[in-house]
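Okay, structure first, notes after.
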Amino acid sequence: MKRTKMINRSRIMREIWINRETSRVEIARSLGLDKSTISHAVNELIEKGVIIESSEGSSGPQGGRRPVHIKLNREYGAVLGVEFRPDSYTAVAVDLEGDIIYSRFERIAIAGEKFTSVVIEILHMLIDELERKEVNLLGIGVGLSGVVNAQNGTIRYSEPFGIVSTFDFFTNIASLFDIPLFVDNDANACVWGELAFHRRKDLKDFIFLLLEFREPGTNEDRDCTKIGKIGVGIGIVINGNVHYGHQYAAGEFRSLFRTENSVGQFSLTSDEHRRIFDDDAVMNKFLHELGAHVGLLVNVFNMSHIILGGAFDELGPRVKDIFEQEIKKSWPYPYTPDIKKSIWYSSFADRAVAYGAAGMVLNTLFSDLEVMEGTSLMLNLREGLVVF
């Protein structure tokens, strides 16, 4: 019974989130539940302060009682999303309406032996700042580059951060905080942001491409001759669910066109990496190579959208043109899909990972309201009680 109540509450919260403002009658109609069930769950949420009654709507064509509109209470609390990079971090706090109420960017060396201590220090500083602003912080999401098991809170491997054996993020970092704290791969964090903040029920099958141009020599643990200047991560959503793969490495890849002279993920040589911003031929080679892989994924899995984040908006309209060409090359049918309308630039720009990490927490809160009431969901994940 308790689990059923929790499911009903989370479905109601999602329905309010998608519509921003709605009524008990509209929720019952949309979810196919009886009005008494909805009313009981809504009244509980109002008592807890999670949602509020906002206004009265218009009565129907037959007259009668005017429906009372309800919406999420933005004053109830906020969630914090943080993107950690080897040489900097970006943080955003988002209220229950999805609006950013706080943001911060700082350059600081994070990779290597400093990783644990610096991440803990930054998180404490962010929490203290939000407490001074009297923000009720409900949870924290962290996004970073690497192979991350989001369910048990471990980082299996992250070359940019110098993590070459499994790092227990939960034990070493998350368990030290009273606030629920989650970690995921940066591209997957972006996916959570798109799922949460676009408020669209039809956004179910898509990929998110996160592009980063890494500067060589930003810290002593990184060697550009090994990892290259280009980093591309892919987040995959199938039927509305983030696809992690059986080892949580979905979206990590190396180009099929690499040779023994290649550096990084793609077939580019060290010299081509150095010239990529100055030589259009090299940039086009990279984009066509990436587009060929995108075309394979999009067509094999029949994806509805491709969302581009990170540094893609710096490259101009040719990205869409090249991707469209490569998708058409691997399309097996005589009719042509309307590809360009399916390729979007993320609206979250350089804050896509941090904003997405906040969306990951919101999604989790809406899935299990017990988190808002003081239960550590990460502990529940460790015990196998909740999977999101």
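What aspartates and glutamates sit close enough to Lys285 to cross-link, taking a C-alpha to C-alpha distance under 14 Å and skipping anything fewer than 8 places away on the same chain?
By straight Cα distance, Lys285 reaches Asp271, Glu272, Asp321, Glu326.
Short version: ³J(HN,Hα) in whole Hz for each residue of the stretch 115-128, in order, from phi by Karplus 6.51 cos²θ - 1.76 cosθ + 1.60 (θ = phi - 60°), x for Gly and Pro, what are they?
3, 4, 5, 6, 4, 4, 4, 5, 4, 4, 5, 5, 4, 4
Which residue, chosen from Thr269, Tyr248, Trp344, occupies the Cα position most advanced towards the positive end of the dipole of the stretch 246-372, where the dipole is computed from +1 (Lys, Arg) and -1 (Asp, Glu) charges on Cβ about the Cα centre?
The residue sitting most towards the positive pole is Trp344.
Convert each backbone phi in the stretch 345-361 into a coupling constant with the Karplus relation 6.51 cos²θ - 1.76 cosθ + 1.60 (shift: θ = phi - 60°), then list the ³J(HN,Hα) values in order as whole Hz, x for Gly and Pro.
Taking θ as phi minus 60°, the curve returns 9, 4, 7, 9, 6, 6, 9, 4, 5, 5, 5, x, 4, 5, x, 4, 5 Hz for the stretch 345-361.
Which whole-Hz ³J(HN,Hα) couplings does the stretch 268-283 yield from phi under the Karplus relation 6.51 cos²θ - 1.76 cosθ + 1.60, θ = phi - 60°, glycine and proline marked x?
Whole-Hz 3J(HN,Hα) from phi for the stretch 268-283: 5, 8, 4, 5, 5, 4, 5, 9, 4, 7, 10, 10, 4, 5, 5, 4.
Between the stretch 135-204 and the stretch 296-333, how far is it from one alpha carbon centroid to the other, in angstrom?
Centre-to-centre distance over Cα atoms comes out at 26 Å.
Heads up, I need the accessible area for Tyr333: 1.4 angstrom probe, whole protein in place, Å², nearest 10.
Approximately 130 Å² for this residue.
Could you rank the peptides 348-355, 322-329 by their average count of other C-beta atoms within 10 Å per residue, with the highest value first?
Listed from highest to lowest mean packing, they are 348-355, 322-329.
Provide Phe115, Phe167 ordered by accessible surface of protein heavy atoms (probe 1.4 Å), highest first.
Greatest to least solvent exposure: Phe167, Phe115.
Considering only DSSP beta bridges whose two residues both sit in the stretch 111-207, what percent are antiparallel, to the nearest 5?
55
Where nothing but the Cβ of Lys and Arg (+1) and of Asp and Glu (-1) is charged, how large is the charge dipole of the stretch 225-345 around its Cα centre, in debye to the nearest 20?
200
Using unit Cβ charges (K, R positive; D, E negative) and no other charged atoms, how large, in debye to the nearest 20, is the dipole of the stretch 60-184 about its Cα centre?
In debye, rounded to 20, the stretch 60-184 gives about 520.
The values are calculated or read from the model by the stated rules, or taken from the named source; none is laboratory data. Being a predicted model, the structure only gives us computed values, none of them experimental. Quick reminder, even Gly has a Cβ in these numbers, built from the backbone with ideal geometry, and neighbours come from all protein chains shown. Calculation scope for accessible area: heavy atoms of the full protein, side chains included, ligands and nucleic acids excluded. Shrake-Rupley method; radii C 1.70, N 1.55, O 1.52, S 1.80 Å.
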